[in-house]
1. Could you let me know the centre-to-centre spacing of region 90-155 and region 158-202, using Cα atoms, in angstrom?
2. How large is the convex hull of the C-alpha atoms of region 141-217 per residue, in Å³?
3. Counting only heavy atoms of protein chains, what accessible area per residue, in Å², does the chain have with a probe of 1.4 Å?
4. Tell me which trypsin sites (Lys or Arg not before Pro) from region 9-77 have a DSSP coil assignment and no more than 13 other beta carbons within 10 Å of their own.
5. About its Cα centre, what dipole magnitude does the chain give when the only charges are +1 on Lys and Arg Cβ and -1 on Asp and Glu Cβ, stated in debye to the nearest 20?
6. Return the FRET efficiency for the residue pair residue 160, residue 75: r is the Cβ-Cβ distance, R0 is 22 Å, and the value is rounded to the nearest 0.05.
7. How would 83, 231 rank on accessible area, largest to smallest, probe 1.4 Å?
8. Where does the charge balance sit around residue 240 when Lys and Arg score +1, Asp and Glu -1, over other residues with C-beta under 13 Å from its C-beta?
Amino acid sequence: MYYILEENKYEILKVKNLIERSYGGIEYSDFLSPFAQKYAIDIILKGENPYLFYQTWGGYEDSERKVLALSYDRRLEEMGFSHFPIDIILIESDTILSHRQILGALIGQGLKRDKIGDILVKENKALVFVKEEVSLFVTTHIDRIGRDRIKTEVVNKDDIDISQFIQNSGKRIVCSVPSMRVDAIVSHGFGISREDACSLVRQFKVAVNWLYIDKPSYEVKEGDLISVRHHGRLRVEKVLTTTKKGRISIELLRFS
């Protein structure tokens with residue numbers, strides 16, 4: 001089941017409109033959320049348009065927000081990613097930066113969220129992935145984050161080490177759950193009551209592998225990514241052991 005939140009409906013509509021313009025060459029979407037990417041590929045492209053070829057790219061491997069490239073020319077599948085209209089902006093500050101501050105500053109200057117891709121922060125530096133069409137605006141109009149002055153410049157991906165900005169560690173949690181139900185894992189992973197976890201699921205605030213679910217009894221498995229709105233994400237790293245009483249010991253990674 002694909003439950004589409006209001007905030008995602010506009011993204012899906014834009015993808016459908018993009019398909020109609022794809023006959024003359026390559027067409028590019030704005031940055032799409034992971035849910036919109038999955039829906040577009042699984043439902044719209046594979047299901048309804050098997051002859052339409054596509055690529056997704058967000059500026060670096062394993063990016064979350066990505067641009068979708070569409071074409072009826074099979075050669076698209078053989079191309080690299082350099083054709084994507086994505087710029088990387090380096091932000092430098094004298095103070096510690098945060099994802100929320102940077103995004104707030106960009107949105108506060110009138111930029112739409114879909115023109116902004118991932119934001120990778122490392123202390124007083126950050127990389128912001130944006131559509132080419134807005135990079136000049138960012139570098140010429142945004143000189144502060146909050147009250148602090150910043151420096152901005154467009155950089156080439158070959159001149160920077162993106163891996164230094166990627167936070168992969170997360171917080172390791174080992175816990176024992178009565179079953180692999182999503183509500184049990186959310187409860188233990190975020191330290192909230194089982195009742196509150198159930199409520200979040202029923203309110204469509206929990207997604208497994210980017211698909212929103214509404215059944216607290218939904219069973220997750222090793223490798224699944226669980227996203228909980230306003231809480232963060234959990235990845236089920238390993239199923240360790242099962243006790244004689246049937247409880248399951250699992251290892252989670254929690255990302256804020």
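The values are calculated or read from the model by the stated rules, or taken from the named source; none is laboratory data. Note that the structure is a prediction, hence the values are computed from the model and not measured. Note: ideal-geometry Cβ built from the backbone for every residue, glycine included; neighbour counts use all protein chains shown. Note: areas computed on protein heavy atoms with side chains; ligands, DNA, RNA excluded. Shrake-Rupley method; radii C 1.70, N 1.55, O 1.52, S 1.80 Å.
1. 27
2. Working: hull volume 15.7 nm³, N = 77.
Convex hull of Cα atoms, per residue: 204 Å³.
3. Values: 14150 Å² over 256 residues.
Value for the chain: 55 Å² per residue.
4. On the way: sites: 9, 14, 16, 21, 38, 46, 65, 66, 74, 75; in loops: 21, 65.
Sites meeting the loop and neighbour criteria: 21.
5. Details: 38 positive and 37 negative charges, 235 e Å.
The dipole of the chain has a size of about 1140 debye.
6. On the way: r = 29 Å, r/R0 = 1.34.
Between residue 160 and residue 75 the formula returns 0.15.
7. Details: 83 45, 231 75 Å².
Output order, biggest surface exposure first: 231, 83.
8. Numbers: positive: 172, 238, 247; negative: 222, 237, 251.
Here the count lands on 0.
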